[in-house]
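Below is one structure, written out as structure tokens; the observations come after it.
The values are calculated or read from the model by the stated rules, or taken from the named source; none is laboratory data. What you are looking at is a predicted structure, and each value in this text was computed from that prediction instead of being measured. Neighbour counts run over all protein chains shown; Cβ positions are idealised from the backbone, glycine included. All accessible areas refer to the heavy atoms of the entire protein, side chains included, with ligands and DNA or RNA removed. Shrake-Rupley method; radii C 1.70, N 1.55, O 1.52, S 1.80 Å.
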Amino acid sequence: MQAIIEPSIPSRTHGFKEGTRGKVPDFLSLIRACTRNRDLQRGIRLHDDILKRGLLGSHAGALVTMYAKCDALLKAKSLLDRYDIKDVIAWTALIAGYVRAGQCEDAFYLFEHMQQKGISPNAVTYACILKACGTLGALEMGKQIHDEIMKQGLLQNDVVLGGALVDMYAKCNTLAKAREVLDILPLRDVISWSALIAGYVQWGQAEEAMSCFESMQKENISPNAVTYACILKACGMLGAIDKGKQIHEEIESQDLLQDDIVLGGVLVDMYAKCGDLTKAHCVLDELPSRNAVAWCALIAGYAQQGQGEEALKRFEQMQQEGIPPNGVTLCCVLHVCSQLGRIEEGHNYFTDMGVKYGLKPPIEVYASMVDLFGRAGHLEKAVRLIREMPCCNHSVIWRALLAACRKWGDISVGRWAFDRAIEVDKKDGAAYILMANIYAAAGLQESAKGIETMRVENNAW
DNA sequence: CTAGGGTTAG
């Protein structure tokens with residue numbers, strides 16, 4: 001008698017092994033599908049189901065990966081802590097999640113912790129950690145990772161890792177090293193080149209960025225939207241409007257403005273920085289979608305040229321188009337108001353952010369507002385604003401107030417601001433210097449010297 | 001198959 005062989009259904013197609021007894025779902029495939037689609041809600045239901053069936057032990061790694069990819073880092077971490085997960089992918093996924101969230105120290109901690117547990121990092125793990133190094137400017141750590149990568153020969157067949165390495169050196173302001181690494185990479189592509197170009201732009205070396213752009217093309221690697229964005233920024237820094245126009249034409253001929261929201265803003269910024277506001281405005285008008293960044297580039301351009309009234313008009317126009325201002329836009333507008341001495345108007349824009357748009361002003365906006373009041377000599381208004389702030393535990397706030405106190409020679413408010421500044425950051429060199437200046441300007445040389453002594457004692461610069 | 005690299009306005 002022949003046994004009945006049940007048909008096997010590939011798990012990747014449905015996720016259910018329907019032929020097997022009791023229809024046990026293939027949870028691993030289902031979780032992976034949630035990871036792919038970033039479907040957190042479905043992932044949570046699967047977790048629940050798996051828990052009820054007592055299957056968590058064998059699925060914890062996949063769940064950590066899913067939660068991490070969905071940016072549910074606390075859930076991922078608590079599973080990782082509770083189960084003895086040996087899966088390098090799960091650890092790496094959580095490390096990547098922390099790096100995405102800007103929690104690079106947590107990423108480093110996990111990286112150490114996984115190795116203590118005997119789990120070896122692989123190329124993907126190293127790429128994540130390199131990104132964390134770049135974000136924090138942790139050059140020494142980055143070098144150690146580089147050494148390890150070389151020992152293991154991981155660059156031979158991995159273009160991504162090479163790009164991450166170039167980016168790390170570039171972000172740490174070691175551009176010669178970044179260039180050297182790129183030159184000897186076995187594999188390099190438009191992204192590794194763009195990482196280097198972006199680095200030169202970030203650190204103010206626009207000429208070098210231009211020259212890399214040429215070298216890249218000599219290697220027959222074509223620029224993409226990101227490369228163009230970097231190069232346009234370099235053009236703006238150099239005031240190289242002819243080169244900028246040429247890049248603009250290339251972008252148009254490749255129709256890149258249609259599906260890249262970033263490029264439009266950079267283009268407006270390039271023309272604005274080169275002083276051609278008419279052209280900047282023209283480009284903005286023709287963009288398929290105008291966002292706050294593109295508008296802000298134009299507004300800043302007008303402000304830069306001393307055309308504050310025009311800048312404020314554009315700000316109104318932006319809002320009429322239904323685009324809410326964000327923190328950066330508002331800082332820029334408040335700066336314009338400060339230039340024009342339009343205190344009330346600036347304060348109205350500030351309150352609009354909460355009242356009209358329901359947005360919580362970021363700390364930089366509060367600092368701009370303190371600056372606006374302070375420069376105008378309304379120190380008591382600046383102080384009142386600080387007292388009403390949800391949190392004034394930031395150096396920028398106290399520096400703005402101190403700068404105003406220096407301008408108006410207010411020793412008592414100045415001393416108060418200085419004491420708070422030092423509470424926040426004992427090494428806030430700018431605060432010491434501002435306070436010493438305030439005392440010195442008032443003829444209180446002994447007090448000024450006292451502040452200077454404090455600065456040296458606290459090793460502040 | 002489940003984890004990884006470059007970009008924008010002050």
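Could you calculate the contour length gain from A:VAL355 to A:CYS391, that is, 0.36 nm times the residue separation minus the distance between their Cα atoms, to one decimal place in nm?
So the chain would gain 11.1 nm between A:VAL355 and A:CYS391.
Report, to the nearest 10°, how far helix A:123-136 tilts away from the longest principal axis of the Cα atoms in chain A, using its own Cα long axis and a range of 0 to 90°.
On a 0 to 90 degree scale, this one is about 10.
Where a Cα-Cα gap under 15 Å defines reach, which aspartates and glutamates qualify for A:LYS23, not counting those fewer than 8 residues away within the same chain?
Those aspartates and glutamates meeting the cut-off are A:GLU6, A:ASP49.
Of A:HIS347, A:HIS146, which has the most accessible area and how do the rest follow, probe 1.4 Å?
Correct descending sequence by accessible area is A:HIS347, A:HIS146.
Which ³J(HN,Hα) values, rounded to whole Hz and listed in residue order, are derived for segment A:429-436 from phi using the Karplus coefficients 6.51, -1.76 and 1.60 in 6.51 cos²θ - 1.76 cosθ + 1.60 with θ = phi - 60°, glycine and proline given as x?
Values, residue by residue: x, 4, 5, 4, 5, 4, 5, 4 Hz.
Mind scanning A:LYS86/A:LYS131; A:LYS273/A:LYS407; A:LYS171/A:LYS427; A:LYS117/A:LYS177 and naming the pairs with a C-alpha gap bigger than 26 Å?
Table pairs above 26 Å Cα-Cα are A:LYS273/A:LYS407; A:LYS117/A:LYS177.
How much accessible surface area, in Å² rounded to 10, belongs to the heavy atoms of A:TYR366 with a 1.4 Å probe?
30
Multiply the residue gap between A:CYS282 and A:TYR109 by 0.36 nm, knock off their C-alpha separation, and tell me the result in nm, one decimal place. Could the numbers behind the result be given before it?
Numbers: separation 173, 0.36 × 173 = 62.28 nm, distance 4.95 nm.
Using 0.36 nm per residue and subtracting the Cα-Cα distance, I get 57.3 nm.
Report the local net charge at A:LEU334: Lys and Arg +1, Asp and Glu -1, summed over other residues whose C-beta lies under 14 Å from its C-beta.
Taking every Cβ under 14 Å from that of A:LEU334, the sum is -2.
Which value, in Å² and to the nearest 10, is the accessible area of A:ASP158 when all protein chains are kept and the probe is 1.4 Å?
Surface accessible to solvent at A:ASP158 totals approximately 40 Å².
Please give the solvent-accessible surface of A:ARG375 in Å², to the nearest 10, using a probe radius of 1.4 Å with every protein chain present.
Accessible area, nearest 10 Å²: 120 Å².
Segment A:372-403 to segment A:120-159: how many Å between their Cα centroids?
With segment A:372-403 and segment A:120-159 each reduced to a Cα centre, they are spaced 43 Å.
Ignoring ligands, DNA and RNA, how do A:MET168, A:MET454 rank by accessible area with a 1.4 Å probe, largest first?
Accessible-area ranking of A:MET168, A:MET454, largest first: A:MET454, A:MET168.
On the accessible surface of chain A, probed at 1.4 Å, how many percent belong to carbon and sulfur atoms?
C and S atoms contribute 52 percent here.
If one takes the longest principal axis of the Cα atoms in chain A, at what angle in degrees, from 0 to 90 and to the nearest 10, does the Cα axis of helix A:104-116 lie?
It works out to around 30 degrees.
Heavy-atom accessible area per residue, chain A, 1.4 Å probe: how many Å²?
Values: 23320 Å² over 461 residues.
That works out to 51 Å² for each residue.
Based only on Cα atoms, what mean projected area does the convex hull of chain A have, in nm²?
Orientation-averaged projected area of the Cα hull: 30.5 nm².
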